[in-house]
Amino acid sequence: MPRRLLAAVTALVVAASTAQVNAETVMLRSGSYGDFRQLVAREAATTEVSIAATLSFPAEARDRYPAVVIVHGLGGYGESNEGWHAAEFRKAGFATLTYDSPTARSMRQGSATGSNGGPPWASAVAEAYSALRLLAGDPRIDASRIAIVGFSFGGEVAHLAAFEWLRAALAPGQNRFAAHVSYYPAGDYGAAAGPGVYTGAPILMLLGEKDDNLPVAKPEEYLAYARSAGATPPIDVSIYPGAYHAWTVSSLGAARFYPQYPSTRKCPYLLLGPSRPALLISGQEAPMDPNAFRTCLKDGQGYTMAYDESARAKSTRETVDLLVKSLRP
């Protein structure tokens, strides 16, 4: 065999061997829920699903690792985005858990919201907490140092997972995520203002200046509402100049409008809490109006996406900085 070919084959064998040692398939058992009310009432899940997930470890050996649960965008898990970020987090010393969400698949096939702002988002949060429980029970993982990072659909899940009443319903004891990073979230949900509505773990919300799926003014209004009620959430916001939705996805090209994708960009935040959901209208809570919400969904159909290499590099650094600060002893 020629020397160059032998070297190439040897490199492939070594790479494959390393991948087998550092990555394994694990199974998540998660409940599917009809709505958030079902979670609040601590009712049994409507159905249960098994989700194959990949648990990967850094090359550097240690007794126990901090870990990151990564939740993909609505289009599903992609090596060019979630896989790339997982590799970057492992370089920084974190184990990573990735999975392909069945809830996201159901959203691609149907409505983004249901009765009372319910399905399928309640199930998506349940999946994330199933990942937390699995990692917390793994002796190789430090249960107190597990974060969640999500993109778009996953960014919304990462934010929702910080709501204390959802944590209490889905996590035993005091288990919680130690940090939340929300990349260009959908901007559907906020927490009804009040004491202790968030778990207290730091939240980093990463927004694109030109993101027409979540205009920056919308989360700014939500944060102003929370502060005015004396319940300042533990959220830091970074805004990336010139960045559109999905700026981390390297398979995207120049800015392009996608009219086929649903968006809540013209809808108010749905405010969730143990009581009935409300809408955030002009900085004030207003009764939930399903008809108005259906209208704003129709009016806001479609949004723009584009890859931005510099924004991805900067947002990755900020994310790793937060993970190091929050998850390292």
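The values are calculated or read from the model by the stated rules, or taken from the named source; none is laboratory data. In this text, all values refer to a predicted model and were calculated from it rather than measured experimentally. We place every Cβ from the backbone using ideal geometry, glycine too, and count neighbours over all the protein chains shown.
Worth a mention:
- Flag if Leu280 is under 17 Å from Ile203 (Cβ atoms), buried (at least 20 other Cβ atoms within 10 Å of the Cβ) and of a type in the set (A, V, I, L, M): no
- The numbered conditions (1) surrounded by 15 or more Cβ atoms within 10 Å (Cβ to Cβ); (2) at pLDDT below 95 are all true for Ala243 except (2).
- Any hit, the range 23-38, residues being closer than 30 Å to Thr264 by Cβ, among the hydrophobic types (A, V, I, L, M, F, W, C) and modelled with pLDDT under 90: yes
- Test: residue in the range 184-196 that is outside any loop (DSSP other than H, G, I, E, B), without any contact (Cβ under 8 Å) to a residue 60 or more places away in the chain and either of a type in the set (Val, Ile, Thr) or under 28 Å from Tyr77 (Cβ atoms) (or both): no
- Residue that is farthest from the chain's Cα centre (by Cα), among those in the range 204-239 that are among the acidic types (Asp, Glu) and surrounded by fewer than 20 Cβ atoms within 10 Å (Cβ to Cβ): Glu221
- Number of positions in the range 272-285 that are in contact with a Phe, Trp or Tyr (Cβ under 8 Å, 6 or more places away or on another chain), in a strand (DSSP E or B) and within 19 Å of Glu156 (Cα to Cα): 3
- Qualifying residue in the range 250-265 (condition: under 20 Å from Gly187 (Cα atoms) and either among the charged types (D, E, K, R) or free of Cβ contacts under 8 Å to residues at least 40 places away in the same chain (or both)): yes
- So Pro172, is it of a type outside the set (A, V, I, L, M), assigned to a loop (DSSP other than H, G, I, E, B), farther than 22 Å from Leu279 by Cα and modelled with pLDDT under 95: yes
- Residues that are part of a strand (DSSP E or B) and either at positive phi or among the charged types (D, E, K, R) (or both) within the range 206-253 comprise just one, Asp236.
- Test: residue in the range 43-58 that is among the charged types (D, E, K, R) and modelled with pLDDT of 90 or more: yes
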